[in-house]
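The values are calculated or read from the model by the stated rules, or taken from the named source; none is laboratory data. As the structure is a prediction and not an experimental result, all values here were calculated from the model. Backbone-built Cβ (ideal geometry, glycine too); neighbour counts: all protein chains shown.
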Amino acid sequence: MITTEGSIERKDSAGSTMVPLWFRVPKIWDDFLSEKADREYCSKSDLLRRAFKLTYDPELEKFRVHSKRQSSVDNGLLMSPRNVNPDEESFALNLYDIESDPWIESMAAFIANKRSLRTHRVYRVVLNQFFVFVAKHPSKVKQSDIIKYRHHLERLGRAPSTIRQSLAAISGYYSFCISHNLTLYNPVRGVNRPSVDAYSDATWLNKDQAKALLSQPNLNTVKGKRDYAILLTLLLTGLRRSELSNIKKGDIQERGEKLYLTYNCKGGTKVVRDIPRRCWEAIASYLTASGRKITDDSPVFMAVTDAGQSLRHYYGKNGHNESHPISPEAIRQIVTCHANRAFDGKIKVSPHTLRHTAGTLLRKSGRSIEEVQSFMKHRRVDTTRRYLHVVEADDSEFGECIARMLGL
């Protein structure tokens, strides 16, 4: 058994040693598995299972036949450790025969067809968790299984948005299977999903609060200059943190009297937009102070402290050299840190709060909903309307008018 310092061994009910699936490995192994998994649109577990299958398949086949025979002798029939129905166990057994099962092939194709790597990871986790729960082959899943899974997620205390996303991923997979003539039935169809208003809790900052936030970074330090450039760009452009984190120096070009930014928008669409010159001045001040050798391929925002670089090195694929940008999670922490100092923790602020602030202030300035839609890079104007629904309500003075008429 391979163990490492600090690993924890647990005992099952029979007193046997349980070995965790994941254990610490040298970083170069983890980096290799992460990169290869992203290229092949699968998980690290899938890669390890394939490697195990290639290495030990003959021995595994002999062991499987021997186990079946022994189980038949002992129990009269083959039963899994969980004592599930033998028909329901077929999904677990078929995991060893991925290449020969069109349902599993379709699952991989369904995930690979998504444009975002983050969506790949989320859908992969959702489908894995669901099929582990039902312990059935995808072709045997019924609507009652979906309802049981929904109740299971509710008992776990999952947020309505998380449950809705899980059911949407499962439904998408079965719709994909229908389009590939594997089935005529989508078990998720007809199952009630939690209602979610994505922007019901949306918050934004007023002008004074935005100025207070911008005043927090110390402009006498490299980190302060970087943080100020990040906050200012989020407020003046409405970019998402994932969009901002991956910007390279060559993505910002001057054309005539304007500066233009080229970046990948949500969903993978390449977008070209103009940015305020004040954003570029803040970015240029930070890049000059950083002392880095900057090329067009250099990421704009990076870790600036030894501690930050060490953390990136520890956590893996975005290691601490001059070719990797700051992570979206780091941007979230930067915004939260300065907001806590500015508002003593009384106002919860995230990068998306600044995106809401940008759209809200633009709308309050008198710009049309279509202009705000173009600025926010929403595909549909309905999204922008939902995004700013509280702003529209706030602009209404009907209630105050009635109150004045009543002398209240």
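At-a-glance table
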item: Pick from segment 322-347, criterion basic (Lys, Arg) and in a helix (DSSP H, G or I), ranking: farthest from THR233 (Cα to Cα); result: ARG341
item: Any chance LEU219 is within 30 Å of TRP280 (Cβ to Cβ) and buried (at least 17 other Cβ atoms within 10 Å of the Cβ); result: no
item: Residue in segment 290-312 that is touching a strand residue (DSSP E or B) at 6+ places or on another chain (Cβ under 9 Å), of a type in the set (A, V, I, L, M, F, W, C), at pLDDT 85 or above and not in a loop (DSSP other than H, G, I, E, B) present; result: no
item: Which listed residue is farther than 23 Å from ASP46 by Cα, outside any helix (DSSP H, G or I), touching a Pro at 6+ places or on another chain (Cβ under 9 Å) and among the charged types (D, E, K, R), from ARG193, ARG164; result: ARG193
item: Segment 247-272, residues that are touching a residue at least 24 places away in the same chain (Cβ under 8 Å) and out of contact with any Phe, Trp or Tyr (no Cβ under 7 Å at 6 or more places or on another chain); result: LYS248, LYS249, GLY250, LEU261, TYR263, CYS265, LYS266, GLY267, GLY268
item: Those residues of segment 241-268 which are surrounded by fewer than 18 Cβ atoms within 10 Å (Cβ to Cβ) and among the basic types (Lys, Arg), in sequence order; result: LYS248, LYS249, ARG255, LYS258, LYS266
item: Any hit, segment 379-386, residues being of a type in the set (Asp, Glu), modelled with pLDDT under 75 and surrounded by fewer than 17 Cβ atoms within 10 Å (Cβ to Cβ); result: yes
